[in-house]
Every structure is written in C-alpha cells, then in structure tokens.
1. How much length would be gained if the chain were fully extended between ASP82 and ARG11, taking 0.36 nm per residue of separation minus their Cα-Cα distance, in nm to one decimal?
2. At 7 Å along Cα-to-Cβ for each site, give me the label-to-label distance between LEU59 and ALA72 in nm.
3. Hey, what's the Kirkwood Rh for the range 1-61 if you take every pair of different alpha carbons, in angstrom?
4. To test your reading of the geometry: what angle, between 0 and 90 degrees and rounded to tens, separates the Cα axis of helix 51-86 from the longest principal axis of the chain?
5. Roughly speaking, what is the stretch gain from ILE44 to VAL26, that is 0.36 nm per residue apart minus the C-alpha to C-alpha distance, in nm to one decimal?
6. Which of VAL16, VAL85 has the fewest other C-beta atoms within 10 Å, and how do the rest follow up to the most?
7. Quick one: helix 3-42 against the long Cα principal axis of the chain, what's the angle to the nearest 10°, folded into 0 to 90?
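All of the numbers you see were taken from the coordinates with simple rules; none came from a lab. Computed from a prediction, not measured in an experiment: that's the story for all the values here. Counting neighbours? That spans all protein chains shown, and the Cβs are built from the backbone with ideal geometry, glycine included.
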Amino acid sequence: MNELVVLEIGREATWVMLLVAAPLLVVGTLVGVAIALLQALTSIQESTLTFVPKIVAMLLAMVLFLPFMTTALIEFTQRLFDRIVTG
C-alpha cells in the first residue's frame, strides 16, 4: 500500500463522512435559523424554545435519510474490504 492508496482512501472516507452528516446538519441549521428568525420577529427570548423543534426535526430527518446514510456507509465499507482483499 503506497501513499496514493492511503490518500485515496482518506479522500473517499472524508467524502462519505460529509454525505452521511450533511442531511442532519442542514436540517438542524435550517430549523435553527427559522426559530431564531421567529424569536427575533416576535421578541420571544426563551433560550429553551430552540431545542425541542430542532430535536424533532433532526429525528424526522434521520428517519427519512437513514436508508441513504446506511447505503453510503455499506458501499464504502464494501469498497474498502475489496481493496483489502485485492491488496
């Protein structure tokens, strides 16, 4: 295994990590911004108001995107195992 193979595996692992984490991060960010905008417009300054909608939205996003995330991780693992077998 030379340096190019190690760099390629690292690049692919980083890409898979971004693909798996992105849906939840995007949903959390969008809900957080929407709640912050709602708080700014209505002058409600309750700090705990942001947690429940974010948790519910991220849980729903996880249920929705879990098949995609699982498939991405399984395919990456299979490619990694194939590289180990072939040398």
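1. 23.9 nm
2. Computed distance between label sites LEU59 and ALA72 equals 2.3 nm.
3. 13.9 Å
4. Long axis of 51-86 versus the principal axis of the chain: about 0 degrees.
5. In short, 4.1 nm is gained.
6. Listed from fewest to most nearby Cβ atoms, that is VAL85, VAL16.
7. Between helix and principal axis, roughly 10 degrees.
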